[in-house]
1. Any idea of Arg49's accessible area? Nearest 10 Å², probe 1.4 Å.
2. Between Val18 and residues 5 or more places away or on another chain, which pairs have amide H atoms under 5 Å apart, with H built 1.01 Å from N, and which residues are they?
3. Dipole magnitude of the stretch 1-85 about its Cα centre, charges +1 at Lys/Arg Cβ and -1 at Asp/Glu Cβ only, in debye to the nearest 20?
4. For Glu39, which sequence-distant residues (separation of 5 or more, or a different chain) have an amide H within less than 5 Å of its own amide H, given hydrogens modelled in the peptide plane?
5. Got a sec? What order do Lys69, Lys40 fall in by accessible area at 1.4 Å, biggest, i.e. largest, first?
6. So what J values fall out for the stretch 76-88 if you push phi through Karplus, 6.51 cos²θ - 1.76 cosθ + 1.60 with θ = phi - 60°, rounded to Hz, Gly and Pro as x?
7. Keeping every protein chain in place, order Glu93, Glu87 by accessible area at 1.4 Å, biggest value first, i.e. largest first.
8. From largest accessible area down, sort Val82, Val18, Val73, Val36; use a 1.4 Å probe on the protein chains.
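The values are calculated or read from the model by the stated rules, or taken from the named source; none is laboratory data. As the structure is a prediction and not an experimental result, all values here were calculated from the model. Virtual Cβ from ideal backbone geometry, glycine too; neighbours counted across all protein chains shown. Accessible surface is based on the protein model in full, side chains and every heavy atom, while ligands, DNA and RNA are left aside. Shrake-Rupley method; radii C 1.70, N 1.55, O 1.52, S 1.80 Å.
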Amino acid sequence: MRSGFALEGMRVLELSQVMAGPYCCLWLADMGADVVKIEKPAGGDDSRRMGPPFIGGESAAFLAMNRNKRSVVVDLKTERGVALVREMAQHCEHIQIRYCESLDSTNARLRSYVRRESSSNRRHARS
C-alpha cells in the first residue's frame, strides 16, 4: 500500500477482466486503494494474451490496466473458490464484479452474496 494518497487504506476486490472492470479499479489503485485482482486458473485475465505489443512476455494492455494491483488465482467454478472470495469480500470496502458469459452463474451467486452481506461502508459495482 502506498502512503499519502486519497484512497489509502481502502480495500478493493476486483473480479473482472479485459478492460472495463480493470480500468475502473485502475483508477482506485492509482489513488492509493489496495486492489486485489482475482484471476482465473489456466491463463488468468484474457488481456494477458492481447497484443502485440508485449513487454517481457506480458501484454502491454494487461500491464497498463493492472498496474498498482495485486493478483491471486482462484477457481470461481468451485465452491472452495467462491468461499475464498466471500471471505476476502468481508474485508473490502468496494467489490467490482464483471466476468464473461461463461461465468454467469458464478457472477449471480457472488452478486447475491455481496448484496446480502453488504454494510453501509461497502460498495458494489458492476461494469
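1. 120 Å²
2. Here the answer is Asp46, Ser47, since their amide H atoms fall under 5 Å of that of Val18.
3. Value, rounded to 20: 80 debye.
4. Excluding prolines and chain starts, which carry no amide H, the hits are Val72, Val73, Val74.
5. On the way: Lys69 35, Lys40 65 Å².
These residues rank, largest area first, as Lys40, Lys69.
6. So the J values, rounded to whole Hz, are 6, 8, 10, 4, 4, x, 5, 4, 5, 5, 4, 4, 4.
7. Reading off the accessible areas and sorting them downward yields Glu87, Glu93.
8. Val73, Val18, Val36, Val82
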